[in-house]
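Scroll down for the structure; my scribbles are underneath it.
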């Protein structure tokens, strides 16, 4: 599959996931302001992990239209992905540490799941740095997009199934 098609498909998936977030919000029995802090956190992860792949896909497609060598494109994209994911991960980590163990248990949340996703996210983030410095290939950049979309989908499923507050 050419990179342009893969990026186009990932941008469409990212928009669909963000749209699903709107469906979750619309069908919950309470307004977002009344949600638990953990559910708000899940929604934030869902939205950010949909928005970042969308932005990264668009940046990749934009650079594909420029007169830049493919290696340079993926170097720039991975460098930007590294920075974006690292900033988001720092924010997620800071927010997650604020939850007490009791809050997590009550909300059906799991430290093991959070740290497992964080480990996978860390690996793909370091892969971006390696790609920007050494590889200059498309697949590591696309791996970051795929991981972000999978984590967003996980949060969507958790918001729907665990919270159980749909009308």
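What the table shows:
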quantity: Helix 3-27 vs. the chain, principal-axis angle (Cα, 0 to 90°, nearest 10); calculated: 10 degrees
quantity: Angle between the chain longest axis and helix 37-65 axis [Cα atoms, degrees, rounded to 10]; calculated: 10 degrees
quantity: Inter-label distance for residue 111 and residue 5, nm, one decimal - labels placed 7 Å from Cα along Cα-to-Cβ; calculated: 4.6 nm
quantity: Calculated [θ] (222 nm, deg cm²/dmol) that DSSP helices of n ≥ 4 give over the chain, each run adding -39,500 (n - 2.57); calculated: -27500 deg cm²/dmol
quantity: Listed values [x] 47, 34, 31; [y] 42, 35, 33; [z] 51, 28, 23, entry calculated as Cα extents along the principal axes in Å; calculated: [z]
quantity: Percentage relative contact order, the chain, counting C-alpha pairs under 8 Å, at least six apart; calculated: 39 percent
quantity: Distance between modelled label sites at residue 122 and residue 68, nm, 7 Å Cα→Cβ extension; calculated: 2.9 nm
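Values in this text are rule-based calculations from the coordinates and carry no lab data. This structure is a prediction, so every number in the text was calculated from the model and none was measured. Cβ coordinates were reconstructed from backbone atoms using ideal geometry, including for glycine residues, and neighbour counts include every protein chain displayed.
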